[in-house]
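The values are calculated or read from the model by the stated rules, or taken from the named source; none is laboratory data. Keep in mind the model is a prediction, meaning the values are calculated, not measured. All Cβ positions, even for glycine, are placed from backbone atoms using ideal geometry, and neighbour counts span all protein chains on display.
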Amino acid sequence: MSRIALVADLTREPSTSGLVPAVVRLGDHLTRCGFTLSSLEAGADVVLVWADRPPAQPLLDDLLTRTAAGTPVLLGGPTAAAYADLAPVLEAAGIVPGSVTPVHETRLRPGPDGTDVTRRVAGDVLVTDRWLSLEKVRDDVEVLLTGMAGLTAHPVMTWRPATGIGIFSAGSTSSTLDDPSYRLLVHRWVRHALGMSEPAAVRVGVLGYGAIGHEHNQAISRVDGLVLSAVCDQNPARVDAARTLAPDVTGFDDGEDLLASDAVDLVIVSTPPSSHAEWALRAIAAGKHVVVEKPFCLTTAEADEMVAAADSSDRVLAVYQNRRWDADYLTLKRLVRSGAIGEPFHYESFVGSFAHPCNYWHSDEDVSGGAIYDWGSHYLDWVLDLFTQPVAHVTGSAHKRVWHDVTNADHSRVAIRFADGVEADFIHSDLAAAMKPKWYVLGTQGAIVGNWRHERVIARNNVGNLVEDPLSASESPAVLSVHAPDGSVTAVRPAPPPPEPFHRELADRLLTGAPMSVTPQGSRRNIAVMEAATVSAREGGRPVTPL
């Protein structure tokens, strides 16, 4: 495990005071990537410096001594500008400094030598920051990233193998350091300086190839580092469907054969929820990494067994919480986290209509876990991602009044009370002739409302007549608005989500050790809340503390 000495030589002046905790958080992120934080005195495999002032002579001497001995030294954020008058550092880095740009929106783009650093980065990385423009003067300087200043692309991230010094001149604000894409670039920069290459692509096997299996297939085909090698389904037509995107995929009709295959490194368990734990445990026992469809499982006991098995076997375990990256949820999360409505204290969410539930396993309580587990796998995951404080108790209710040909409840409600008094409600109803907003969030300085869109897909049939197909409201992003105390309302347009975000994170986790947004512990927390709500509903709505 490589050791990083993270040197934060910052003055703590108002203009840079936010950098101190941001650098600490960056260090925490690097530890989650598998590195160990060390000190200069204890020794390190790489030194990462964040400074807004010239170094004291002992520190400068120490850094130059380390590079001469073969230890990479990386100068991040404002450090290049702070060291801009130090000829020994600039000569070793092989660059000539220009001027510091104003704070502006900057697109960080791949440089001519940046393949390893920008692998699986979805397009340009957009940051709002100031940075020192650089000019490469030595032929052996690798330009990993560039940024535009005026009409000129300047090196922003460099690495010089001959002298062991690199510069990443963007990263002078806390918002930049906290940006997940920026952190990914720093992680890759460190790996590049250490000469850490990626292993071979991860070979994926899908157990159960329904509609969501095809979604995985499409994403895998677009993400560098993942390849679909096998599919298991008892229906041969589904295996054939997988081959439309992955012609060389191996087909199985028995799950045990898939798990025994030496050509599979990771198994996606896409079977009904009641069998998730069983198949995940079998896959881990067979030495495979595992992705489980949502819900993770049905009980906290199952979740604990799965997490323990993955930990003891050093296998990656993740849940495909694909709606964590829905455009409207990402926008809601950004608004809440930015303080747009002050401190949020009351949250409501809703999904449903007055319509017969589907007749698939989703509506069978024994297989799906019940109505709370169905949409709750997404909606309660959102709640618990937004509010990370401990849960005090959960209450649940369920009604069975109309749709008696299925076993799930027709209408269910989950109410979460957090330890600090924040409240969150979720309703899923197939008896809602009038729909509530998708989101209704109150804060100490305003509110956020997410209203449903009611759209129709319009096309022509084979003779040219108009065909209108109502699109389910749940498949359209909500229309978000921020309501201020003075009565003003500001519409907020959701930003498009990044392409294949889950699968990109999955590949980074397996190939570089980077952490994922969705963690087994977070997924276990969701199961605990849904399990407690189900118990509460069966027992007349009594408050239940999640296990």
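Which condition breaks for L37 when tested against (1) modelled with pLDDT of 95 or more; (2) in contact with a Pro (Cβ under 9 Å, 6 or more places away or on another chain)?
(2)
If you scan segment 307-356, which residues turn out to be in contact with a strand residue (DSSP E or B) (Cβ under 8 Å, 6 or more places away or on another chain), under 27 Å from R493 (Cβ atoms) and among the charged types (D, E, K, R)?
D328, E343, E348 - these are the residues of segment 307-356 that are in contact with a strand residue (DSSP E or B) (Cβ under 8 Å, 6 or more places away or on another chain), under 27 Å from R493 (Cβ atoms) and among the charged types (D, E, K, R).
For segment 483-502, does any single residue satisfy the condition of being under 30 Å from E305 (Cα atoms), part of a helix (DSSP H, G or I) and either of a type in the set (V, I, T) or assigned by TED's automatic domain parsing to the domain that holds P357 (or both)?
Yes, segment 483-502 has at least one match.
Please find, among R53, R120, the residue that is in contact (Cβ under 8 Å) with a residue 60 or more places away in the chain and in a loop (DSSP other than H, G, I, E, B).
R120
Hey, can you tell me all the residues within segment 371-409 that are in contact with a Ser or Thr (Cβ under 6 Å, 6 or more places away or on another chain) and of a type in the set (G, A, S)?
Passing the criteria: A371, G396, A398.
Let me spell it out: the conditions are (1) farther than 26 Å from R119 by Cβ; (2) surrounded by 20 or more Cβ atoms within 10 Å (Cβ to Cβ); (3) under 23 Å from the mean Cα position of the chain (by Cα), and F502 meets all of them except one. Which number is the exception?
(1)
Assess whether A308 counts as being outside the structural domain of S377 (by TED's automatic domain parsing), part of a helix (DSSP H, G or I), of a type outside the set (F, W, Y) and surrounded by 18 or more Cβ atoms within 10 Å (Cβ to Cβ).
Here the answer is no, as A308 does not meet what is asked.
Scan segment 510-535 for residues that are of a type outside the set (A, V, I, L, M), under 20 Å from W325 (Cα atoms) and surrounded by 24 or more Cβ atoms within 10 Å (Cβ to Cβ) and report the count.
2
Has segment 390-403 got any residue that is among the basic types (K, R), in contact with a strand residue (DSSP E or B) (Cβ under 7 Å, 6 or more places away or on another chain) and more than 26 Å from R32 (Cβ to Cβ)? Talk me through it step by step, then tell me what you get.
To start, the set of residues in segment 390-403 that are among the basic types (K, R) comprises 400-401.
Retained after the next criterion (residues that are in contact with a strand residue (DSSP E or B) (Cβ under 7 Å, 6 or more places away or on another chain)): 401.
Next, from what is left, pick out any that are more than 26 Å from R32 (Cβ to Cβ): 401.
For segment 390-403, residues among the basic types (K, R), in contact with a strand residue (DSSP E or B) (Cβ under 7 Å, 6 or more places away or on another chain) and more than 26 Å from R32 (Cβ to Cβ): present.
Out of the residues in segment 56-71 that are surrounded by 11 or more Cβ atoms within 10 Å (Cβ to Cβ) and farther than 25 Å from T11 by Cβ, which is nearest to the chain's Cα centre (by Cα)?
Out of the qualifying residues, it is T71.
When the residues of segment 411-429 are narrowed to those that are surrounded by 21 or more Cβ atoms within 10 Å (Cβ to Cβ) and in contact with a His (Cβ under 7 Å, 6 or more places away or on another chain), which ends up nearest to H356 (Cα to Cα)?
If we take residues in segment 411-429 being surrounded by 21 or more Cβ atoms within 10 Å (Cβ to Cβ) and in contact with a His (Cβ under 7 Å, 6 or more places away or on another chain), then S429 is nearest to H356 (Cα to Cα).
List every residue pair whose Cβ atoms lie under 9 Å apart, where the two residues are 6 or more positions apart in sequence or sit on different chains, the first residue falls within segment 406-430 and is touching a residue at least 60 places away in the same chain (Cβ under 8 Å), and the second residue, located anywhere, is part of a loop (DSSP other than H, G, I, E, B) and of a type in the set (D, E, K, R).
Within 9 Å, the pairs are A409/K400; A409/D430; V422/E343; I427/K436; S429/D410; S429/K436; D430/D410.
Among the residues of segment 104-115, count how many are closer than 11 Å to L145 by Cα and either surrounded by fewer than 21 Cβ atoms within 10 Å (Cβ to Cβ) or outside the structural domain of A170 (by TED's automatic domain parsing) (or both).
Going through segment 104-115, the residues closer than 11 Å to L145 by Cα turn out to be 107-115.
Among the residues that remain, those that are also either surrounded by fewer than 21 Cβ atoms within 10 Å (Cβ to Cβ) or outside the structural domain of A170 (by TED's automatic domain parsing) (or both) are: 107, 109-110, 112-113, 115.
Looking only at that region, the number is 6.
Yes/no matrix, rows are residues, columns are (1) within 18 Å of A219 (Cα to Cα); (2) within 22 Å of the chain's Cα centre (by Cα):
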position	(1), (2)
S274	no, no
A277	no, no
A285	no, no
K294	yes, yes
C297	no, yes
V307	no, yes
R315	no, yes
Q321	yes, yes
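Which of the residues spanning segment 43-57 are within 13 Å of S169 (Cα to Cα) and among the β-branched types (V, I, T)?
V49
Sort out which residues of segment 281-301 are in contact with a Leu (Cβ under 7 Å, 6 or more places away or on another chain) and assigned to a helix (DSSP H, G or I), and write them in order of number.
Of everything in segment 281-301, those that are in contact with a Leu (Cβ under 7 Å, 6 or more places away or on another chain) and assigned to a helix (DSSP H, G or I) turn out to be R282, A283, T300.
Just to be sure I understand, how many residues within segment 74-103 are closer than 30 Å to G123 by Cβ and either β-branched (V, I, T) or exposed (fewer than 13 other Cβ atoms within 10 Å of the Cβ) (or both)?
Total satisfying the criteria: 8.
Answer yes or no as to whether A242 is in contact with a Phe, Trp or Tyr (Cβ under 6 Å, 6 or more places away or on another chain), of a type in the set (G, A, S) and surrounded by 17 or more Cβ atoms within 10 Å (Cβ to Cβ).
It is true that A242 is in contact with a Phe, Trp or Tyr (Cβ under 6 Å, 6 or more places away or on another chain), of a type in the set (G, A, S) and surrounded by 17 or more Cβ atoms within 10 Å (Cβ to Cβ).
Given the conditions (1) modelled with pLDDT under 95; (2) out of contact with any Asp or Glu (no Cβ under 8 Å at 6 or more places or on another chain); (3) surrounded by 11 or more Cβ atoms within 10 Å (Cβ to Cβ), which single one is not true for E468?
(3)
Any residue at all in segment 231-238 that's part of a strand (DSSP E or B) and closer than 23 Å to V319 by Cβ?
Going through segment 231-238, the residues part of a strand (DSSP E or B) turn out to be 231-232.
If we keep only those that are closer than 23 Å to V319 by Cβ as well, we get 231-232.
Within segment 231-238, one or more residues are part of a strand (DSSP E or B) and closer than 23 Å to V319 by Cβ.
Going by the structure shown, is L86 farther than 25 Å from P515 by Cβ, touching a Leu at 6+ places or on another chain (Cβ under 9 Å) and assigned by TED's automatic domain parsing to the domain that holds T11?
Taking the combined requirement at face value, the residue satisfies it.
Which fully enclosed helices (runs of 4 or more DSSP H) of segment 352-418 have 2 or more residues being assigned by TED's automatic domain parsing to the domain that holds S523 and of a type in the set (F, W, Y)? Talk me through it step by step, then tell me what you get.
On the way: elements: 365-368, 371-374, 376-386.
Here the list reads 376-386.
Mind telling me which of the residues R509, R542 ends up being touching a strand residue (DSSP E or B) at 6+ places or on another chain (Cβ under 9 Å), under 30 Å from E365 (Cα atoms) and either modelled with pLDDT of 90 or more or outside any strand (DSSP E or B) (or both)?
R542
In segment 101-159, which residues are out of contact with any strand residue (DSSP E or B) (no Cβ under 7 Å at 6 or more places or on another chain) and of a type in the set (G, A, S)?
A122, G123, G150 - these are the residues of segment 101-159 that are out of contact with any strand residue (DSSP E or B) (no Cβ under 7 Å at 6 or more places or on another chain) and of a type in the set (G, A, S).
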